[in-house]
Amino acid sequence: MRKSLTASLLLGCSLFAADLSQAIESPNASKIIQKDLLAPAKEYKMPAGCVTNDPLSIARGKYIFHNLNGEKAKQTPPKGLSKKNSDGSPKQYGNCVACHNIEGAKGAGNIGPDLSEYKKNFVDTGVRDNQFVYQKIADARIDNPDTHMTINLTTNLFTEKEICDITAYIVSPK
């Protein structure tokens, strides 16, 4: 009885067995790599009126600089920013403090250059200008092809306006 029950179960299972080989995903790695490749480095010209002393622009730049994404951002974003993209997905912000230190930063900030007192040390002395900062945020590969900094405008991670706001924040007195 036991042998016939086992045989019946095995026969029954084999009747319902399916070929699942088509369910296994086999992506074409070459196509994925091509899709993920960055466009060539691009030089950007800062729009007229980009960097401003407007407290709202600086507040937006500060918010973007200090937050990773809209879903997990701690505070309410300033006017002109949202925690969501137009399609409803979470907005990805800069999280610049993961690599950069700046006044009031709460992050690791020891991978990229320290941006504390950037205005005083670089802009006011004429070593760097607002265009340099804008370009560095937009696409840092122009002066450093081996950079590990995110490529923000070329990849559309940020808009020109958001890069203007971040630039305004970095070069503002704190």
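Among the residues in region 141-152, are any surrounded by 17 or more Cβ atoms within 10 Å (Cβ to Cβ), among the polar types (S, T, N, Q) and closer than 20 Å to A39 by Cα? Checked against the condition, which is being surrounded by 17 or more Cβ atoms within 10 Å (Cβ to Cβ), among the polar types (S, T, N, Q) and closer than 20 Å to A39 by Cα, region 141-152 yields at least one hit.
Working only within region 134-143, note down all residues that are in a loop (DSSP other than H, G, I, E, B) and modelled with pLDDT of 95 or more.
Taking region 134-143 as the starting set, the residues that turn out to be in a loop (DSSP other than H, G, I, E, B) are 139, 143.
Listed by number, the list holds a single entry, D139.
Scanning region 83-93 for residues that are in contact with a His (Cβ under 9 Å, 6 or more places away or on another chain), assigned to a loop (DSSP other than H, G, I, E, B) and in contact (Cβ under 8 Å) with a residue 60 or more places away in the chain turns up nothing.
Answer yes or no as to whether Y93 is closer than 24 Å to P47 by Cα, modelled with pLDDT of 95 or more and of a type in the set (S, T, Y).
Answer is no for this residue.
Rundown of residues vs (1) touching a Gly at 6+ places or on another chain (Cβ under 7 Å); (2) farther than 18 Å from A168 by Cβ; (3) not β-branched (V, I, T); (4) not in a helix (DSSP H, G or I), yes/no style:
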{"position": "Q34", "(1), (2), (3), (4)": "no, yes, yes, no"}
{"position": "A41", "(1), (2), (3), (4)": "no, yes, yes, yes"}
{"position": "G49", "(1), (2), (3), (4)": "no, no, yes, yes"}
{"position": "I58", "(1), (2), (3), (4)": "no, no, no, no"}
{"position": "I64", "(1), (2), (3), (4)": "yes, no, no, no"}
{"position": "G80", "(1), (2), (3), (4)": "no, no, yes, yes"}
{"position": "G109", "(1), (2), (3), (4)": "no, yes, yes, yes"}
{"position": "R128", "(1), (2), (3), (4)": "no, no, yes, yes"}
{"position": "H148", "(1), (2), (3), (4)": "no, yes, yes, yes"}
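Applying the criterion of being in contact with a Pro (Cβ under 9 Å, 6 or more places away or on another chain) and surrounded by fewer than 19 Cβ atoms within 10 Å (Cβ to Cβ) to the residues of region 153-171, the residue that is modelled with the lowest pLDDT is T154.
Cβ separations smaller than 7 Å between residues 6+ apart or across chains give the following pairs from region 27-46 residues that are exposed (fewer than 10 other Cβ atoms within 10 Å of the Cβ) to residues that are not in a helix (DSSP H, G or I): A39/T154.
Filtering region 9-44 to residues that are hydroxyl-bearing (S, T, Y) and at pLDDT 75 or above leaves S26, S30, Y44.
Applying the criterion of being more than 17 Å from A105 (Cα to Cα) and of a type in the set (G, A, S) to the residues of region 63-82, the residue that is surrounded by the fewest Cβ atoms within 10 Å (Cβ to Cβ) is S82.
Assessment of region 50-67 against the conditions (on the phi > 0 side of the Ramachandran plot, modelled with pLDDT of 90 or more and not polar (S, T, N, Q)) yields no matching residue.
The values are calculated or read from the model by the stated rules, or taken from the named source; none is laboratory data. Keep in mind that this is a model prediction, so the values were computed, not measured. Methodologically, a virtual Cβ is constructed for each residue, glycine included, from the backbone with ideal geometry; neighbour enumeration extends over all protein chains shown.
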